[in-house]
Amino acid sequence: MQVESHSRFSRDAWSALRSAVPMTLDEAQLERLRGTNEPMSLAEVEDIYLPLVRLINLHVGAARGLAQVTDAFVGRPPVKRPYVIAIAGSVAVGKSTVARLLRVLLSQWPEHPRVDLVTTDGFLWPTQVLLEAGLMSRKGFPESYDVRRMIEFLAEVRSNGEARAPVYSHQSYDIVPGRFDSVDHPDILIFEGLNVLQIGDGVQRARAPVYTAADFFDLSIYIDAAPQDVERWYLERFMVLQRTRMQDPASYFHHLAHLPRDEVSAFAKRLWRDVNLPNLVENIAPTRLRADVVIHKSADHSADELLLRRI
């Protein structure tokens, strides 16, 4: 007998679970949180993310109660442990906007005012290492990450409440030498990236490490959409970036800044076809049902359905 792992909610049904959670953002604040070509509306915040914040707040309280009971049982002093939320999904699906939005909304609750955000981009191998290993065309695939260092970071956060993550620059397309994001005893840590729900290191796929990143998460969220919709969003975003970020001479893609748009579009399509789509199909999408929450987006980028794990 097949058992459904998740309960399915329409947007209206999920919105009804918001209860009395107040709307604390205005349009100007939301605009600062949106990513490039990410048309999230205040209505979507109300319908999708305020009920989710309510659920997370309940989970945080329950997790703290369980930790206190366990500490009391073994006779050790209580330790404040961050509640860790993972956000996964394809490139261009809107993970970063969701992560920033949840950070702001969750930090406005008095029970957990300190919310930190770290992305897995910082755990990519530096460009020089990728070049030497012949992996630049596999950037974003599991083998392009320093998985051991990522797991050590999460273990330190969970055990000590503090850790440092390398900083990645989307402008230089590389790790920034000597720079780190410091996590210092947050109430909640949001950990966002393509690979957060994947198992193994991408090299020895049949042999998972003793710990995986997912072992350290209290709640995991997957942002889902049809691959053809994600492709369109990716290409649209790439063309916007040609007119903006790529104009900076320091940009890794500055060589595309003044090329004809049809050439840039063809370049972006090759990147999607050869790198991002295979990574989505082979490595990212298969992790979808490992998530506790799946937020599905329709063709216009708005969330239309939500799945919630029940087993």
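The values are calculated or read from the model by the stated rules, or taken from the named source; none is laboratory data. Predicted model, so just to flag it, every value in this text is computed and none were measured. Here Cβ is always computed from backbone atoms with ideal geometry, including for glycine, and neighbour counts include all displayed protein chains.
For the stretch 80-132, residues that are in a strand (DSSP E or B) and among the polar types (S, T, N, Q) total 1.
Considering the conditions (1) outside any loop (DSSP other than H, G, I, E, B); (2) surrounded by 13 or more Cβ atoms within 10 Å (Cβ to Cβ); (3) modelled with pLDDT under 90, LEU52 is excluded by exactly one of them, (3). Counting the residues of the stretch 1-49 that are within 22 Å of ASP300 (Cα to Cα), out of contact with any strand residue (DSSP E or B) (no Cβ under 8 Å at 6 or more places or on another chain), small (Gly, Ala, Ser) and not in a helix (DSSP H, G or I) gives 2.
Close contacts from the stretch 143-166, counting a first residue that is surrounded by 21 or more Cβ atoms within 10 Å (Cβ to Cβ) and a second that is among the basic types (Lys, Arg) and part of a helix (DSSP H, G or I), with Cβ to Cβ under 6 Å and a gap of 6+ residues or different chains, come to SER144/ARG138.
Restricting the stretch 72-99 to residues that are of a type in the set (D, E, K, R) and more than 27 Å from VAL281 (Cβ to Cβ) leaves a set whose member that is farthest from the chain's Cα centre (by Cα) is ARG76.
Answer with yes or no whether SER251 is part of a helix (DSSP H, G or I) and of a type in the set (Ser, Thr, Tyr).
So SER251 fails the test.
Restricting attention to the stretch 133-185, the residues that are over 26 Å from VAL275 (Cβ atoms), of a type in the set (A, V, I, L, M) and assigned to a strand (DSSP E or B) add up to 2.
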